[in-house]
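Everything on this sheet refers to the single structure shown next.
The values are calculated or read from the model by the stated rules, or taken from the named source; none is laboratory data. Small disclaimer: the values here were computed from a predicted structure and weren't measured. So basically every Cβ, Gly included, is an ideal-geometry build from the backbone, and we count neighbours across all protein chains shown. The area values use the complete protein model at the heavy-atom level, side chains included, leaving out ligands, DNA and RNA. Shrake-Rupley method; radii C 1.70, N 1.55, O 1.52, S 1.80 Å.
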Amino acid sequence: MRIALFCNDYWPTIGGVQTAVRGLAAGLVRRGHEPLILTCQPGGCAPAEELDGIPIRRFSWSLRPPATFPFRAWRTRRQVREAVLGWRPEALYVHFVTVPALFARSCALVAGAPLILSFRGAEVMQLAPRDPVTGRVFSGLTGAADVNLFCSRWLESVGRASGWFRGRPGRVGVLADAVAVEPRTTPDLPATVCYVFAGGRMVRKKGFDLLLRAWAALGSRVRAPLWIAGDGEERAALERLARELGLGDRVRFLGSVPHAEMLGLLERAALCVVPSREEPYGILVVEAQALGVPVVATGVGNIPALIDAGRTGYLAEPTPEGLARVIAAAWEDPRRPEIGSSGRDAPGARRGYDTMAGELEQWIEVARSGPGKAGSWT
């Protein structure tokens with residue numbers, strides 16, 4: 001089956017969406033399908049290329065600068081249609097519902113192929129409710145889609161309860177994220193090095209400021225430095241906060257780290273901390289579990305569905321005090337290595353991209369069951 005995968009960004013950019021779509025595409029190939037990636041074109045990237053043997057088409061569809069978007073959107077719509085119609089997909093799938101979904105809907109209408117929207121978090125919690133105009137756009141998209149999916153049951157409940165959501169009964173469900181911890185790069189570190197690890201985009205919802213304040217409150221109770229991997233709009237403010245808190249060499253900011261290297265650092269960690277204020281899924285949690293690393297995470301969003309507290313990880317309140325209390329308890333827990341090992345058996349830690357691809361196959365069949373969908377290219 002030919003499946004067009006739309007995403008707002010892709011490799012070489014590093015992030016959750018990019019990693020998930022790359023893994024999903026590889027899973028589809030292993031199951032005998034032919035995916036095509038349609039994504040944005042950052043500077044230095046060719047408009048057409050291949051990665052992992054999978055074709056990629058890149059377009060200038062960013063909303064910025066807004067003054068030129070109408071002209072660029074008209075031109076991009078034509079370019080996307082040419083690429084998609086020339087490739088003749090049997091289904092169109094949008095991973096993270098933003099601007100690319102508009103172009104995917106346009107292509108689906110012309111091609112007569114089913115459209116599947118897959119919501120991954122921020123679009124449900126921040127973008128769609130931002131203003132009435134945006135809400136109407138999402139309302140139209142969800143009403144037009146043949147299937148609407150969410151990355152977790154928790155996010156599905158939020159989406160279904162939203163005033164803008166127009167998904168049809170029987171065509172709404174969950175396509176959870178998967179985890180892959182290969183390939184990973186073993187860090188060149190002395191065997192005696194011990195550290196606590198955290199990572200992710202440095203934005204407010206990831207809660208790194210909460211973690212820094214918790215780390216300051218811990219004092220000498222944890223005799224290991226905190227290493228934070230990642231970059232983002234709050235990095236300078238977080239580094240300034242670390243200085244104000246007098247953390248010194250107790251905290252090390254690693255900057256942006258390639259995914260394989262990040263996994264290697266995570267595997268060597270004595271403890272992983274996920275201090276999020278909101279988390280629609282929790283990919284770092286399941287990566288830590290899959291590697292047998294004990295994890296402390298805030299009990300927000302979907303995270304309680306991933307962690308059996310006291311058996312496959314530790315849950316904390318999303319406050320500096322709550323994080324400090326649970327980090328200290330985990331550090332001092334003689335069962336910490338056992339809890340890390342038990343995490344390997346958590347459902348999320350055992351969920352691979354072949355499973356995710358197989359579930360997408362099933363949802364495509366649901367989408368194709370609608371009038372005028374199946375066999376649209378014949």
How far apart, in nanometres, would the label points at E239 and R160 be if each is projected 7 angstrom from Cα along the Cα-to-Cβ direction? 4.6 nm
What is segment 148-274's relative contact order, in percent, from Cα pairs under 8 angstrom and six or more apart in sequence? 31 percent
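Quick one: of the DSSP bridges fully inside the chain, what percent are antiparallel, nearest 5?
Working: 4 of 46 bridges.
Taking every DSSP beta bridge within the chain, about 10 percent pair in antiparallel fashion.
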Computed over segment 31-161, Kirkwood Rh from alpha-carbon pairs, angstrom: 15.7 Å
Of the peptides 121-131, 64-74, how do they stack up when ordered by the mean number of other Cβ atoms within 10 Å, highest first? 121-131, 64-74
Could you report segment 37-160's accessible area per residue, 1.4 Å probe, as an integer in Å²? 43 Å²
So how do C151, C40 rank on accessible area, 1.4 Å probe, biggest first, that is with the largest at the start? C40, C151
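On full extension of the chain, what length is gained from W87 through R153, given 0.36 nm per residue of separation minus the C-alpha to C-alpha distance?
Details: separation 66, 0.36 × 66 = 23.76 nm, distance 3.36 nm.
Roughly 20.4 nm would be gained on extension.
Please report the carbon-and-sulfur percent of the accessible area for segment 215-300; probe 1.4 Å, protein heavy atoms only, DNA, RNA and ligands left out.
Details: 1430 of 3190 Å².
The C+S portion of the solvent-accessible surface of segment 215-300 is 45 percent.
Does the chain come out rounded, prolate or oblate, given a ≥ b ≥ c as the square roots of the eigenvalues of its C-alpha gyration tensor, rounded meaning a/c under 1.5 and, failing that, prolate meaning a/b above b/c? Could the numbers behind the result be given before it?
Working: a/c = 1.89, a/b = 1.80, b/c = 1.05.
It is prolate, given that a/c is not under 1.5 and a/b is the larger ratio.
So with the 1.4 Å probe, I'd like the accessible area per residue for segment 230-378, rounded to whole Å². Working shown, then result.
Working: 6310 Å² over 149 residues.
That works out to 42 Å² for each residue.
Counting every Cα pair in segment 163-278, what percent are over 23 Å apart? The partial results should precede the final answer.
Working: 2592 of 6670 pairs.
Looking at segment 163-278, the distances longer than 23 Å represent 39 percent of pairs.
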Centroid-to-centroid separation of segment 195-212 and segment 1-57 [C-alpha atoms, Å]: 28 Å
Using 7 Å Cα-to-Cβ label points, what is the Q362/L51 separation (nm, one decimal)? 2.9 nm
Heavy-atom accessible area of W11 with all protein chains present, probe 1.4 Å, nearest 10 Å²? 60 Å²
For segment 244-378, state what percent of all Cα-Cα pairs lands in each successive 5 Å bin, counting from 0 Å until the bin that includes the largest distance. 2, 9, 16, 18, 17, 12, 7, 5, 5, 4, 2, 1, 1, 0
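Leaving ligands, DNA and RNA out of it, rank T312, T355 by accessible area with a 1.4 Å probe, largest first.
Numbers: T312 5, T355 70 Å².
Descending order: T355, T312.
Ignoring everything except DSSP H segments at least 4 long, calculate the 222 nm mean residue ellipticity for the chain; use -39,500 (n - 2.57) per segment, divide by total residues, nearest 500.
Values: 13 runs with 147 residues, N = 378.
Value at 222 nm, helices only, nearest 500: -12000 deg cm²/dmol.
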Alpha carbon centre of segment 237-294 versus segment 302-347: separation in Å? 15 Å
Solvent exposure, largest accessible area first (probe 1.4 Å, DNA, RNA and ligands not counted), of S342, S62, S369: S369, S62, S342
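Counting pairs of alpha carbon atoms under 8 Å apart in space and at least six apart in sequence, what relative contact order in percent does segment 1-144 give? Please report the intermediate quantities before stating the final value.
Values: 217 pairs, mean separation 33.1, N = 144.
Averaging sequence separation for qualifying contacts and normalising by length gives 23 percent for segment 1-144.
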Which value in nm describes the separation of the simple spin-label points at F71 and S106, placed 7 Å from the Cα toward the beta carbon? 1.6 nm
Probe 1.4 Å, all chains present, heavy atoms only: I303 accessible area in Å², nearest 10, is 0 Å²
